[in-house]
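Written below as structure tokens is the structure these notes are about.
The values are calculated or read from the model by the stated rules, or taken from the named source; none is laboratory data. Bear in mind the structure is a predicted one, so any value in this text is a computation, not a measurement. FYI the Cβ positions are ideal-geometry reconstructions off the backbone, even for glycines, and counts take in every protein chain you see. Quick note on the areas: whole protein, heavy atoms, side chains included, nothing else; ligands and nucleic acids left out. Shrake-Rupley method; radii C 1.70, N 1.55, O 1.52, S 1.80 Å.
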Amino acid sequence: MIHNSKVHKILYGGDYNPEQWPEETWEEDMRMLKLAHIDIVTLNVFSWASLQPSENTYYFDKLDKIIETVTKHGMKICLATSTGAHPAWMARKYPDILRTDFHGMKHKFGSRHNSCPNSPTYRKYAKTLAQKLAERYKSCDNIVAWHISNEYGGECYCENCERAFRVWLKDKYKTIDAVNEAWDTAFWGHTFYDFEDIVLPNMLSEHFAENRTTFQGISLDYRRFNSESILDCFRLEYDTVHAITPDIPVTTNLMGAYQPLDYQMWAKYMDFVSWDNYPSHDAIPENAALNHDLMRGLKQGMPFALMEQTPSVTNWHPYCALKRPGVMRLWSYQAVAHGADTVMFFQLKRSIGACEKYHGAVIDHACHENTRVFREVAQLGAELDKIGSLTLGSRTHAKAAIVFDWNNWWAIHYSAGPSINLHYCDEIRNYYKAFNNLNIPVDLIGVDDDLSGYSFVAAPVLYMVKPGYDEKIRRFVQKGGRFLTTFFSGYVDDHDLVTTGGYPGKLRDILGVWVEEEDALPEGAHNSFTYKGITYPAKMLCDLLHTESAQSLCTYEQDFYAGMPVLTRNAFGEGAAYYVATSSDAAFYRTIVKEICTESGIRPLIDTPDCIEVTARTNGNGTFLFFLNHDTQEQGVTLNCTGKDILKDTLYKEGDTLYLPAKDVAIIQTA
């Protein structure tokens, strides 16, 4: 995270856009932001149009004044490069900068995410602007981070991208024969004779729906190419500002489990991870927790930055419901509990026009501090001042992990079968929720990450097994680890070509089973199985499998495959591998996760009702247990430790009851 001599507490602030307001209002804004304990502002996010009003003209006077104003008031700055939306003159003069969408329609100027990532024009002017900003403000001591562009995303299918895709393919495969082999183009006589024959996979060519493609290999590679193309744009600006200001860390704001971009690849080129958290008003708490842990896992557990959240209302949801009293504070601490070292908002002051004018802000359209939201923001700010540096840099120590892989996600998304109800993130979430409700710390890791520090690794629907990953799992289990995977695992390689010889392919010896068929059940239909006296549903997909070296722990109870295994355990080396042949319910996931954790020597942090979320972060100041009450009623927890609530200065002994009012938080510091 932003760890240097300039940062001594959890940074508290957010996006500030004073260029949208008369200059005479800035001082009053500063007074109110200081009153709310705001100490960092993100500036210059969407200012390219004003900074560069024509091709050879740059105008920094207003930004100079803004920076001088916030500096005078003792605030730190996260300085953005403004390249998230190009100026209108650029689109008019250089139409190659405009994106072409999935349906083949060339867009005009407007909105954002509107620049082709492979446009030479975009890359040229984005780099130049980043360079000018870095050179101009390199001596500003209060700039603690660079914020490149904003919420990168989307796709482009224009001529720039088609040419660049062919170059990317030549670099990856070297020969057109290798491309044909990887994509299995013998199917339907799709053979390519030259790289120039290859066109982009969209609704003009290979696709007959967004996630339905006649050639999964082509669409999968285009996903990879698009993610890398946009990453190249980030890296271009990163390299530019880093060369001039090497001591200022560089980031861009990610968006949680966002499908189009492979954030595990992106994180390798970011100094620290930051992300924007916008759950709906009725969101399940575990969903936001999963996203926080996913972001934390991108850099092997390093603290991350919560770059954006709303202090009150999110205006782009179907129902713009207010965050109820206490919820903003609760969700802010949830981010900290899972690894955030900042709490930041979009936005600090509400705009008066355009599509986000009714999105929440610290300073409302009333333009004074006498609002409910402002009081809540100020209360949280005072608490973060009190916490100071106590929790900074603290880490989560997990002995369990869930494998999350973007390439696997993409491949399942494009798979022609087995069920339209199969969604990768849903299956990940099923297992994550079990860990979260049990208060067992869990990391979200990628296939490149080391497994040696874990005792239990779960990899739901590991459909794609990349080269060498089976061997990594094999070594992990042989050395005593517990591994779990599920239906629709081990089917294909990294080109989405089926591994023949029986599913689950290269995982077969580890799991000790082979899968003969897979039955897709219609919506509402289910089979069933009984495990340790309790009957659970078998839903969506049911593998028809045979045990080889594995032990069957329970079986299907209905249909022609009644009596075939549902859950198996295979002793392998010093460890064991589990196979779950169907999708079930929350009660089953909780049962199996708890059992394997117990077998692995992993214990919950503490036993609580499901509505009480508990996490732990540790640094040189001790271990901090975060207790978050997501319920609408007061809850009590019997403590298994001695410590001090750093928010209320209350001392607790082991066996004491901690009472948490609805939506309340406690942070217990232990030795």
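Summed over the range 626-663, residues that are within 24 Å of residue 284 (Cβ to Cβ), acidic (Asp, Glu) and open to solvent by less than 20 Å² (accessible area, probe 1.4 Å) total 0.
Among the residues of the range 232-282, just one is small (Gly, Ala, Ser) and over 19 Å from the mean Cα position of the chain (by Cα), namely 243.
In this structure, is residue 172 surrounded by fewer than 17 Cβ atoms within 10 Å (Cβ to Cβ) and farther than 30 Å from residue 423 by Cβ? No: the conditions fail for residue 172. I'd like to know if the range 246-260 contains one or more residues that are farther than 21 Å from residue 7 by Cβ and of a type in the set (Ser, Thr, Tyr). Among the residues of the range 246-260, at least one is farther than 21 Å from residue 7 by Cβ and of a type in the set (Ser, Thr, Tyr), which makes the answer yes.
Screening the range 422-506 for strands (runs of 3 or more DSSP E) wholly inside it with 1 or more residues that are among the polar types (S, T, N, Q) and open to solvent by less than 10 Å² (accessible area, probe 1.4 Å) returns the ranges 482-486. If the condition is being out of contact with any helix residue (DSSP H, G or I) (no Cβ under 9 Å at 6 or more places or on another chain) and either buried (at least 17 other Cβ atoms within 10 Å of the Cβ) or among the aromatic types (Phe, Trp, Tyr) (or both), then the range 357-370 contributes 358, 359.
Looking at residue 45, is it among the β-branched types (Val, Ile, Thr), in contact with a Ser or Thr (Cβ under 9 Å, 6 or more places away or on another chain) and surrounded by fewer than 22 Cβ atoms within 10 Å (Cβ to Cβ)? So residue 45 does not fit the description; no. A single member of 646, 668 is touching a Gly at 6+ places or on another chain (Cβ under 7 Å) and at negative phi, and it is 668.
Looking at the range 140-258, the helices (runs of 4 or more DSSP H) lying wholly inside it that each contain 3 or more residues that are in contact with an Asp or Glu (Cβ under 6 Å, 6 or more places away or on another chain) and modelled with pLDDT of 95 or more sit at 216-244.
Among the residues making up the range 292-336, those that are assigned to a helix (DSSP H, G or I) and farther than 21 Å from residue 631 by Cβ are 293, 294, 295, 296, 297.
When you look at residue 614, is it in contact with a Phe, Trp or Tyr (Cβ under 6 Å, 6 or more places away or on another chain), part of a strand (DSSP E or B) and of a type in the set (A, V, I, L, M, F, W, C), yes or no? For residue 614, the condition - in contact with a Phe, Trp or Tyr (Cβ under 6 Å, 6 or more places away or on another chain), part of a strand (DSSP E or B) and of a type in the set (A, V, I, L, M, F, W, C) - is met. When each of 59, 16 is tested for being of a type in the set (Ser, Thr, Tyr), under 19 Å from residue 360 (Cβ atoms), at pLDDT 95 or above and in contact with a helix residue (DSSP H, G or I) (Cβ under 8 Å, 6 or more places away or on another chain), the lone residue that passes is 16.
Taking (1) under 28 Å from residue 248 (Cβ atoms); (2) buried (at least 19 other Cβ atoms within 10 Å of the Cβ) in turn, residue 299 satisfies each apart from (2).
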